[in-house]
Amino acid sequence: MILKTGVAAGPVANLDIDLNATFTTALTGTTITWEDESSGNPEEKTKFKMSFLNVGGANVGALTVKLVGNPCPDVPATVTKTARQVTDPTAISGNVTLLDPADDTFERVWRQAVNNSRVQVLDNVAKVDIRVKAETGYTVNQAVGTATDNSLIVNYSFLDATGTAVVSGSVQFDTVATAAAGYTLGNVRIVDTDSGARTRRR
């Protein structure tokens, strides 16, 4: 999706956010549910849930993801959103409740200011909240694959009682801001909170 911020004089900046969750499994009961919490507002607030079921229909585990994109202008401005969504299998629209409690969680809050003559006019904000839970008889592992200023990849595997992975995949969260002519970008500020590690700020 792309969130475009502009003032009366013209464009200020674009915030491009990509969320890509890819999982491989021989299970045939995978379902994806999504819920749009934006309510027609220009900011982005969407939740997704992937549920994994075995051949007998019993739950193996689930993953929920909440995606937020919210440009915060410091001056009167307008924000427009161009959204796109592709899911396979096709997602169904419905209520999504984030997993709580969860076995593992990872949250990234990403910010980057846009300045005009060293005065901040906009703070682009993006957030991803990932939660996973395995059901009885299964376990789930979470491991960070990549954590740079503009890209995050978190890897997951659901294991059966023998330690065999029955579901494996990753969630990737990419963020890129671009400033229009006459504006400059500030430093990227990130807070990563990993249930398996200490909070990291940079």
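The values are calculated or read from the model by the stated rules, or taken from the named source; none is laboratory data. Note that the structure is a prediction, hence the values are computed from the model and not measured. Cβ: placed from backbone, ideal geometry, glycine included. Neighbour counts: every protein chain shown. Heavy atoms of the whole protein, side chains included, go into the accessibility calculation; ligands, DNA and RNA do not. Shrake-Rupley method; radii C 1.70, N 1.55, O 1.52, S 1.80 Å.
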Quiz prompt | Per residue accessible area of the range 25-152, 1.4 Å probe, in Å² | solution = 50
Quiz item: Taking H as built 1.01 Å from N, whose amide H comes closer than 5 Å to the amide H of residue 87, not counting residues under 5 places away?
Solution: none
Quiz item: Over the range 76-191, with a single point scatterer placed on each C-alpha, what log10 of the ratio I(q)/I(0) does the Debye formula yield at q = 0.14, 0.20, 0.22 1/Å?
Solution: -0.79, -1.21, -1.32
Quiz item: How big is D, in µm² s⁻¹, for the chain by Stokes-Einstein at 4 °C and 1.567 mPa s if Rh is the Kirkwood radius over C-alpha pairs?
Solution: 72
Quiz item: Once the other residues with Cβ under 12 Å from the Cβ of residue 42 are scored (Lys, Arg +1; Asp, Glu -1), what is the net sum?
Solution: +1
Practice problem: Roll a 1.4 angstrom probe over the protein heavy atoms and tell me the percent of accessible area of the range 1-108 that is carbon or sulfur. | Solution: 50
Quiz item: Within the P(r) computed for the range 137-189, what percentage of the Cα pairs occupies the region above 13 Å?
Solution: 68
Quiz prompt | Distance between the range 102-136 and the range 17-95 - C-alpha centres, whole angstrom | solution = 15
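Between beta-carbons, use under 14 Å as the cut-off and find the net charge around residue 153, counting Lys and Arg +1, Asp and Glu -1.
Values: positive: 108; negative: 18, 149, 174, 192, 194.
With Lys, Arg at +1 and Asp, Glu at -1, the net is -4.
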Practice problem: Could you go through the range 156-163 in sequence order and give the Karplus-derived ³J(HN,Hα) for each residue, using 6.51 cos²θ - 1.76 cosθ + 1.60 with θ = phi - 60°, rounded to whole Hz, and x for Gly and Pro? | Solution: 9, 8, 9, 10, 8, 5, 8, x
